[in-house]
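Okay, structure first, notes after.
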């Protein structure tokens, strides 16, 4: 079955700490991968995406993610988080040739000032 | 660019009534729009895929007669919750895909509509 797993449901960090959020997927075939962020009271915004090419992708606000095909993973990283990064983060997968997303359950990040 | 709006942002209705939610792509044309439902502290669950000028495709377990979707133009899709019940209370989110180009697989999300059925 197609699925996306985000292992960390809640993460609490202090400002300037490094962040890594896990995302693993189960999907046959070529995939497109996404990380979205949902700030409190706001709509989902795209952080970064991977379609093909360099497996290390850089997104907005200093975030990056690495696609490791052999591990079916697309982990999100940020070297130094800020209080303003407090939000919920969603990993999503779509199959090549299909437009439908499968979302992970989300990770709530709280950054302490 | 690529802004999606939803109206209303919040709605409270009585059990048994119907509610219509609009989703508009403001500055681009979207051949495909998606409707999601988000339960508290849970992920987004895809309800249906809406293509302009054709019938919506519903996900397994979603009642098509209860959640009526109309995609009348390249910039507007509507979701009507018919005969709403308290268990339909939820956060409904739409998204739209840009036609063509490298962003074909990217979805742009609306701000969501909080539905409360009393």
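Among the residues of the stretch A:50-60, how many are in contact with a strand residue (DSSP E or B) (Cβ under 7 Å, 6 or more places away or on another chain) and away from chain B (no Cβ under 14 Å)?
At the first step, the residues of the stretch A:50-60 found to be in contact with a strand residue (DSSP E or B) (Cβ under 7 Å, 6 or more places away or on another chain) are A:50-51, A:55-60.
Subset that is away from chain B (no Cβ under 14 Å): A:55-56, A:58.
Matching residues across the stretch A:50-60 total 3.
Just to check your reading of the model, which residue among A:78, A:100 is over 18 Å from residue B:106 (Cα atoms) and in contact with a strand residue (DSSP E or B) (Cβ under 9 Å, 6 or more places away or on another chain)?
Within the list A:78, A:100, the selection yields A:78.
Can you find even one residue in the stretch A:13-24 that is surrounded by fewer than 20 Cβ atoms within 10 Å (Cβ to Cβ) and either without any contact (Cβ under 8 Å) to a residue 40 or more places away in the chain or within 12 Å of chain B (Cβ to nearest Cβ) (or both)?
No, every residue in the stretch A:13-24 fails to be surrounded by fewer than 20 Cβ atoms within 10 Å (Cβ to Cβ) and either without any contact (Cβ under 8 Å) to a residue 40 or more places away in the chain or within 12 Å of chain B (Cβ to nearest Cβ) (or both).
Could we say that residue A:94 is without any contact (Cβ under 8 Å) to a residue 40 or more places away in the chain and either out of contact with any helix residue (DSSP H, G or I) (no Cβ under 6 Å at 6 or more places or on another chain) or surrounded by fewer than 17 Cβ atoms within 10 Å (Cβ to Cβ) (or both) here?
Numbers: without any contact (Cβ under 8 Å) to a residue 40 or more places away in the chain: no; either out of contact with any helix residue (DSSP H, G or I) (no Cβ under 6 Å at 6 or more places or on another chain) or surrounded by fewer than 17 Cβ atoms within 10 Å (Cβ to Cβ) (or both): yes.
Judged against the criteria, residue A:94 is not a match.
Would you confirm, using the coordinates I've provided, whether residue A:74 is surrounded by 20 or more Cβ atoms within 10 Å (Cβ to Cβ), outside any loop (DSSP other than H, G, I, E, B) and more than 14 Å from chain B (Cβ to nearest Cβ)?
Details: surrounded by 20 or more Cβ atoms within 10 Å (Cβ to Cβ): yes; outside any loop (DSSP other than H, G, I, E, B): yes; more than 14 Å from chain B (Cβ to nearest Cβ): yes.
Yes: the conditions hold for residue A:74.
Look through the stretch A:34-49, keep the residues that are surrounded by 19 or more Cβ atoms within 10 Å (Cβ to Cβ) and more than 9 Å from chain B (Cβ to nearest Cβ), and return whichever of them is farthest from residue A:95 (Cα to Cα).
Among those that are surrounded by 19 or more Cβ atoms within 10 Å (Cβ to Cβ) and more than 9 Å from chain B (Cβ to nearest Cβ), it is A:37.
Take the conditions surrounded by fewer than 18 Cβ atoms within 10 Å (Cβ to Cβ), at pLDDT 95 or above and away from every other protein chain (no Cβ under 14 Å) and apply them to residue A:28. Does it pass?
When the stated conditions are applied, residue A:28 does not pass them.
Return the residue satisfying two criteria in turn: it lies in the stretch A:80-103 and is over 20 Å from residue A:8 (Cβ atoms) and outside any loop (DSSP other than H, G, I, E, B), and of such residues it is nearest to the other protein chains (Cβ to nearest Cβ).
In this case the residue turns out to be A:94.
The values are calculated or read from the model by the stated rules, or taken from the named source; none is laboratory data. Just so you know, these numbers come straight off a predicted model, no measurement behind them. Cβ sites come from the backbone with ideal geometry, for glycine too, and all protein chains shown count toward neighbours.
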